[in-house]
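J.: What follows is a single structure, and I will ask about it in a moment.
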Amino acid sequence: MSLAPERPGQPAALAEPVHKVGRGWIALYVLANIGLYVPLQAPTTFLMPEQIAEIDPEGKIGSYAWVSMMGAISGIVLAPLAGALSDRTTSRFGRRRPWLVIGSLACMAALVCLGFQTTVVGVAIGSLVLSATFMLIGGGLAPIVPDQVPVAQRGVVLGWAMAPQAIGMIAGGLLLGLVTGFPAQYALMATLPLLILLFAITMKDPPLPLRDREPFSLRTFLNGYRISPRRHPDFVWALGSRFTMGLGYGTGTLYLPYFLDDVVHYEEIFPGQSTEDGLLIVIGVNCLATIATVVFSGWLSDRLGRRRMLVFLGGVTMAVAAIPLALSPTWTMTLAAAVILGLGYGVYLAVDTALVTEVLPASADRGKDMALANLMTSLPYVLVPAIASVVLGSLGGYRLLFLCSAGLSVLGAAMVWKVKSVR
């Protein structure tokens, strides 16, 4: 991996990458993403809903909504802040490495503490702190691809790197099945950020000279939230598309554990099995479908030099997945929807991220801007619980919820055509 300066005298930390990264680098980067996505997804999918159901069985939907919002809210401030500070870090160890190390250690501690919580408030605070640690890690990990991978290789690299995101829930579910009890299960998840530390120690991370550091202030940070649609229209449209797709995906998946329990009645269909068993099957089917397309679609977008069409097709396919659940909420249709959603998500996942890296406003702000882009996938989860609570409680129930998911996904997919500088 080598970097080419955008202007004479530009430091290596701000240069545009021109040479491809090797297989060893990609392998370690994939491991780092495993260390991030498995403990990011598995606790919120399996452990927290079960914890809350034990603590507050009657009010589990409202309590889980509150806990989910607490975790998502922390990202609104911390994700761009961590990214902006990462961009301005002048440590001799590099810009990104300190954030990977500090974030990973804090994440491990937060996971261990969550295992001992016995109140909804305790789980909510733990979720907030855990989310904050992921924001710290993201401040170092998210900008590494635009920092070190050339444009022509980003699709395939991100295809491999997003595979852990695709398999994070199923891998986490299988790992959690090896131990029993919340303390042991959370502690097992806490071992995975060690993979991030491995990547942080081995990667090259050119330091940023103090003379090239952009000044930082509260005003500078707050201004970072304002992206001018006139100066950077493609970045704004890419963010809008991501946010809308996030709303669609969240409304269709966040309450899946309760859908299997309250609508499909999984435990009645399969006596002797728990709803968690059914959830693991659905996630496994979805993950296999995602894996089937995620690496190939990233590679294909590099070869074709076209990203928008693949992002659009992936988003529309994800919308189609919600229709079977709206029309016929059965176990068979749930599995069919999981396959369709996985195929679409695999196409969307890597290619959309590669597209975003091509429309970043400035090399000096890659960390902050990638954090804003990633925030568009997590910020919807602040709104989804409130939307879902209204729809499930007062309007059309799960059928309308899945139709809303389909409509939002189509809208988000269509918005990508407004990005003009990427084919």
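J.: Say the dipole of the chain comes from +1 at the beta carbon of Lys and Arg and -1 at that of Asp and Glu; which of Leu335, Ser241, Thr293 then lies farthest toward its positive end?
T.: The residue sitting farthest along the positive end of the dipole is Ser241.
J.: Can you tell me the mean projection area, over all orientations, of the convex hull of the stretch 173-323's alpha carbons? Units nm², please.
T.: The orientation-averaged projected area of the Cα hull of the stretch 173-323 comes to 15.3 nm².
J.: Next question. If the cut-off is 23 Å between C-alpha atoms, which lysines fall inside it for Lys204, apart from same-chain ones fewer than 8 positions away?
T.: Excluding near neighbours in sequence, the set is Lys20, Lys368.
J.: Using the Cα centre of the stretch 3-418 as origin and beta-carbon charges of +1 (Lys, Arg) and -1 (Asp, Glu), tell me which of Pro207, Ile76, Leu31 is placed farthest towards the positive end of the dipole.
T.: Pro207
J.: Using +1 at the Cβ of each Lys and Arg and -1 at the Cβ of each Asp and Glu in the stretch 3-418, identify which of Leu260, Met48, Tyr345 lies farthest towards the dipole's positive end.
T.: The residue sitting farthest along the positive end of the dipole is Tyr345.
J.: Averaged across orientations, what area in nm² does the convex hull of the alpha carbons in the stretch 104-195 project?
T.: 6.5
J.: Mind ordering 252-261, 209-218 by average Cβ neighbours within 10 Å, highest first?
T.: 252-261, 209-218
J.: In Å, what Rg and Dmax follow from the Cα atoms of the stretch 1-101?
T.: 19.9, 65
J.: Is the shape of the stretch 166-256 best called rounded, prolate or oblate, per the rule: a/c under 1.5 gives rounded, else a/b larger than b/c gives prolate, else oblate, with a ≥ b ≥ c the square roots of the Cα gyration tensor eigenvalues?
T.: oblate
J.: As a test of the formula, what do you get for the chain when each DSSP H run with n ≥ 4 contributes -39,500 (n - 2.57) and the sum is divided by the residue count, at 222 nm and rounded to the nearest 500 deg cm²/dmol?
T.: Value at 222 nm, helices only, nearest 500: -23500 deg cm²/dmol.
J.: Quick one: Karplus J couplings for the stretch 352-359, per residue in order, coefficients 6.51, -1.76, 1.60, θ = phi - 60°, nearest Hz, x for Gly and Pro?
T.: Rounded to whole hertz, the list is 5, 5, 4, 4, 4, 4, 8, 10.
J.: Dividing the convex hull volume of the alpha carbon atoms of the stretch 270-370 by its residue count, what do you get in Å³ per residue?
T.: With only Cα atoms used, the stretch 270-370 gives 116 Å³ per residue.
J.: I've got another one for you. Could you work out Rg/(2.2 N^0.38 Å) for the stretch 52-169, with Rg from alpha carbons only?
T.: 1.26
J.: Bin by bin, in steps of 20 Å, what percent of the Cα pairs in the chain do you find, going until the bin that has the longest distance?
T.: Histogram of Cα-Cα distances, whole percents per bin: 27, 60, 13, 0.
J.: Next question. Provide Rg and Dmax in Å for the stretch 131-185, with only Cα atoms included in the calculation.
T.: 15.3, 46
J.: Charges at C-beta only: +1 for Lys and Arg, -1 for Asp and Glu. How large is the resulting dipole of the stretch 345-423 about its Cα centre, in Debye rounded to 20?
T.: Charge dipole of the stretch 345-423: 160 debye, to the nearest 20.
FYI, it's all coordinate maths here, none of it is from the lab. For clarity, every value in this text was computed on a predicted model and none was experimentally measured. Don't worry about glycine lacking a Cβ; one is built from the backbone with ideal geometry, like all the others, and counts go over all protein chains shown.
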